[in-house]
Every structure is written in C-alpha cells, then in structure tokens.
Amino acid sequence: MTVESTAARKPRRSAGTKSTAGKRTTATKTASKDPELVQLLTPEGKRVKNAEYDKYVAGITPEELRGLYRDMVLTRRFDAEATSLQRQGELGLWASLLGQEAAQIGSGRATREDDYVFPTYREHGVAWCRGVDPTNLLGMFRGVNNGGWDPNSNNFQLYTIVIGSQTLHATGYAMGITKDGADSAVIAYFGDGASSQGDVAESFTFSAVYNAPVVFFCQNNQWAISEPTEKQTRVPLYQRAQGFGFPGVRVDGNDVLACLAVTKWALERARGGEGPTLVEAYTYRMGAHTTSDDPTKYRADEERQAWEAKDPILRLRRYLEASNHADEGFFAELEAESEALGKRVREAVRAMPDPDHFAIFENVYADGHALVDEERAQFAAYQASFSDVEGV
C-alpha cells in the first residue's frame, strides 16, 4: 500500500471523533469531564460502552481480566521492591513506573509474540508482558551490565537511556519488516518530555513517508522531570500526528481495558499496511522521575491525591468485584505471590556482584586516551583516600 492511498483513506468516524483533512485523531468523550479520551472503565470501575473500540475487548474472559489485574499488581510490587533496594544502596538509580501500570500492561498484552518492542528505561510492565525476568532489569541499575537479556529472545530491545532515540531505532526496524514482507508490527515507547526531541519528529517523518508498521506509544505522565506538559506543547500530544499525516488517539492511560483495545487497533492497523499511529496514554507518574528526584519541589500534593483516586489497579479491582469475576481467595493468593516476588527480587539483587568502579573508563576509545587515563588516575586517588581514614 502506498503512502498516498493510506492518506486518502477516510476511516469510519464515531461520535466525539475529531478529524482534520480526513485524518482521524481521536477523541471519544469520557463518561465524565475533559480531556477527551478513549475510556472503557471509569475510575469507579464501571464499564462504559465505546462503539469504536469495544470490539477489541469483546471476547475478554474473566480469567483474562484477572490476568491483567495480576500483571499490574506484580509489576507494582516489583517496582516498589526496586525502589526500596535503591534506597538501601543496592542499586545506583531506579526509574519507577508507579501509576503507569495500566498503560504498560494494557499495551504490552496487545502485542503479539512476533512484534518487536523498543522501550525507554521505565517499561518494567511491558518487559513483564514480554516474558523478561524482572531481575534481569536490575543489573544495569546496579552497574554490573548494560542490560541483562538478549533482545531477540523476547523481541524486547534493551532499555534506552538517551531520550527519544529509540523511536528512530523502532522506525528503522519497522521499515526493515516491510522490506522482509513480514506481517508483524513494532511499538516504540516514550514519554511526554521525549515528544519534544528532534529524534521523535524525525521518526514520525520517516515512518509516515515509508508507511512503516510502527505504533508510537507516548505515556504522558504529565511531568518531564520537573516540566509540566503545558510547557511541552500548546495542543494535546496526540494531535501532533496530524502534521505528519497519520492518526493520533488519546486513551485513558489508567484504564487497562482501553489501553489494550486502542493498542490492539493500532497494531492491527500497522500489520495491515496502513502505516504508523501515535497513541497518547494520558496517565500520571505518582512517584519521582527517578530515585534522584524530589517531586515535592515542583508539584503539589493535591495533584497527586487527585490522580490517586484514578489508580489503575484499584479501578480494575472494583470492576472485578462488582462483576463477581474475582473473590477474596484470588486476592489473597495474589498477595502471597506478590510477597514471594519481592523476596526473589531482593535475593537476586543481593547476589549480584558489586559494580566495578573502574569499568566506566574502559572501551571509551579503542586505543586509549590521555584524558581518560588522567581521569582514571584521579578517580583511583579519590577511592584510595577513603583507606587513609584512621581505623579503616
């Protein structure tokens, strides 16, 4: 399919959907207030109908719903354990996903085994969905490796620290898929702050022009470290897709069903030769940007409290209980499984070797460099200074 034929296609529109120059951009109204977004579960756990996206979750079973809940609970427990381990000095840094579980589990469970995922450094829930052992995520944050898994074993690329660069990697990979004639798709994750990076704009251009089968999944958690979204853009992020010639849709990022449905739609569209899609998952980072950050310096407690009322895990639990899809026995068993996971993570990290403090100076240049040698010597002297303390 050519870019021209894709651009000319006018998808079916539903009530509340806005369109510019024949391009669907989203915007199914929620059951409550603005902003407009796709929502299937309200914060109170009530199921709401959506004529356009209901079909993507129409066949979901109670067992699968419990599975989504389990995924979110265990991902949150792993994340909390990693945060605690960093506070205890076992990890050098940790980037928490607290509050973003629905966006990650919903979108992650929408992928097929042959799809390929390009994450940032916060996609712990997506890694869980792709079958990456959570303990493998921790080596990099302890400083003992550059990523503890083989990307091609799970079609889940290593974590990317450079902001926004993975969107270009994903686009290139998706272009390769097209040349290979495969019917799989690619999904690239990034945050609202990364949306201002030039790499992201370039990936949008290439993917549109080459009709690449890629889904750009932006987790808008409202804060790019200490900068709010309104300092990133004057329009909703999903609307940026219009200027590049492909659809954008905003989904309630705290609604795991909506995230699952919208991502399924976008991936099917990609596999069908219709090109890229931008999904903006409207969510909230309830914790710090990383463990080196103090969010109390730039955002109000009232803001977090308002978003806690929209907690993605509590939302699905309310739905499960109201629908009689889960009983107290299920929740008790899951709590025990959560405790076991926490213990396994603690033991795995403490069994890891201490990081080599001098490894940072290796492999910077193929043949060595005088400045690196000087920096290594200075660092060695600094380290040696601690042994000069009396009694040590």
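The values are calculated or read from the model by the stated rules, or taken from the named source; none is laboratory data. Being a predicted model, the structure only gives us computed values, none of them experimental. Backbone-built Cβ (ideal geometry, glycine too); neighbour counts: all protein chains shown. For the accessible areas, the whole protein counts, side chains as well, though only heavy atoms, and no ligand, DNA or RNA atoms are used. Shrake-Rupley method; radii C 1.70, N 1.55, O 1.52, S 1.80 Å.
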statement: W149 fails exactly one of (1) among the hydrophobic types (A, V, I, L, M, F, W, C); (2) under 27 Å from L334 (Cβ atoms); (3) modelled with pLDDT of 95 or more, namely (3)
field: Sole residue being touching a residue at least 12 places away in the same chain (Cβ under 8 Å) and in contact with a Leu (Cβ under 8 Å, 6 or more places away or on another chain), chosen from D192, D183
entry: D192
- line: Contact list, first residue from the range 121-150 and touching a residue at least 12 places away in the same chain (Cβ under 8 Å), second anywhere and open to solvent by 20 Å² or more (accessible area, probe 1.4 Å) and in a helix (DSSP H, G or I), beta-carbon distance below 6 Å, six or more apart or interchain, is C129/R109; R130/N154; G131/N154; V132/N154; T135/A348; G147/M140; G148/N136; W149/N136
message: Residue pairs, Cβ under 8 Å, 6 or more apart or interchain, first in the range 321-341 and closer than 20 Å to R47 by Cβ, second part of a loop (DSSP other than H, G, I, E, B). List them.
response: E321/G45; A322/G45; A322/K46
query: Can you tell me which residues in the range 206-249 are open to solvent by 40 Å² or more (accessible area, probe 1.4 Å), assigned to a helix (DSSP H, G or I) and among the polar types (S, T, N, Q)?
result: Q239, Q242
- request: Give just the number: which of (1) farther than 30 Å from P62 by Cβ; (2) open to solvent by less than 70 Å² (accessible area, probe 1.4 Å) does S338 not satisfy?
  value: (1)
message: Taking the conditions exactly as written (farther than 25 Å from V57 by Cα, surrounded by fewer than 20 Cβ atoms within 10 Å (Cβ to Cβ) and not hydrophobic (A, V, I, L, M, F, W, C)), does E303 satisfy them or not?
response: yes
message: Quick check on the range 37-44. Is at least one of its residues among the charged types (D, E, K, R), in contact with a helix residue (DSSP H, G or I) (Cβ under 6 Å, 6 or more places away or on another chain), open to solvent by 10 Å² or more (accessible area, probe 1.4 Å) and at pLDDT 95 or above?
response: no
